[in-house]
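Contents: one structure, followed by commentary.
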Amino acid sequence: MKKWLVALVSIMVLSSFISCRQNTTKPSLERLYKGSYEAFDTSMIQKVSMNDLSADTDTYLGSFIETEGKIISLCSVGCFFYIQDDDNNRFYVNLSPKGFDVPQTAMGKRVRVMGIFEKKATTLSIVAYEVEFLDVNP
C-alpha cells in the first residue's frame, strides 16, 4: 500500500511540474499571452470591474469575464498569480489549465485578464484564457 501511495504522490508532483513549467524562452515581457483553447464567440465576454465581481459574485460565476488589476503575487514559474485593484479586491488567476505562463518580469504590472470566473471553496478565481499587459507597448 505504501508503494502505491508513493507512486501516486510522485505522479501528482510530476504532473504539477509539467503543467506549471518554467518559461525560459521569453525573458522579456510581451503585450499578450494566450492559452490553448478553441475559438469561441467573443461577444460572450462580459467586461466587469473587480469591485463588481466581488460585490455580485453569483451573477458572474461560470461566465467569461474580462477584468483589470495589478499583479501582486506571482508563482515562481509563472503559472498563476494574484491580481488586485485599487479597492483591495483580490483574485487568483490560474494559467495552467490553458497551458501557458508569464515571466517573472510580470510582477507588479497592470493586466487585463480574460477567462472563466469561478469559485472553489472560498477562493474566487479566474481560469485565464488570455493575459494582456497594459503597460507594454504593442
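The values are calculated or read from the model by the stated rules, or taken from the named source; none is laboratory data. Not measured: the values here are computed from a predicted model. Here the Cβ is made from the backbone with ideal geometry for all residues, glycine too, and neighbour counts use every protein chain on show. These accessible areas exclude ligands, DNA and RNA; they are computed on the full protein's heavy atoms, side chains included. Shrake-Rupley method; radii C 1.70, N 1.55, O 1.52, S 1.80 Å.
At-a-glance table
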item	result
Members of the range 74-89 found to be among the polar types (S, T, N, Q), within 15 Å of the chain's Cα centre (by Cα) and surrounded by 14 or more Cβ atoms within 10 Å (Cβ to Cβ), listed by number	Q84
Filter pass, L95 being under 26 Å from T59 (Cβ atoms), at pLDDT 95 or above, open to solvent by less than 40 Å² (accessible area, probe 1.4 Å) and in contact with a Cys (Cβ under 6 Å, 6 or more places away or on another chain)	yes
Pair list, Cβ under 8 Å, 6 or more apart: the range 29-46 residue within 17 Å of R112 (Cβ to Cβ) and of a type outside the set (K, R), other residue outside any strand (DSSP E or B) and modelled with pLDDT under 90	L29/V136; E30/V136
Options D101, D87: the member that is more than 24 Å from R31 (Cβ to Cβ), among the acidic types (D, E), in contact (Cβ under 8 Å) with a residue 24 or more places away in the chain and not in a strand (DSSP E or B)	D87
Top-ranked residue in the range 32-55 [being charged (D, E, K, R) and modelled with pLDDT under 95; ranked as most open to solvent (accessible area, probe 1.4 Å)]	E38
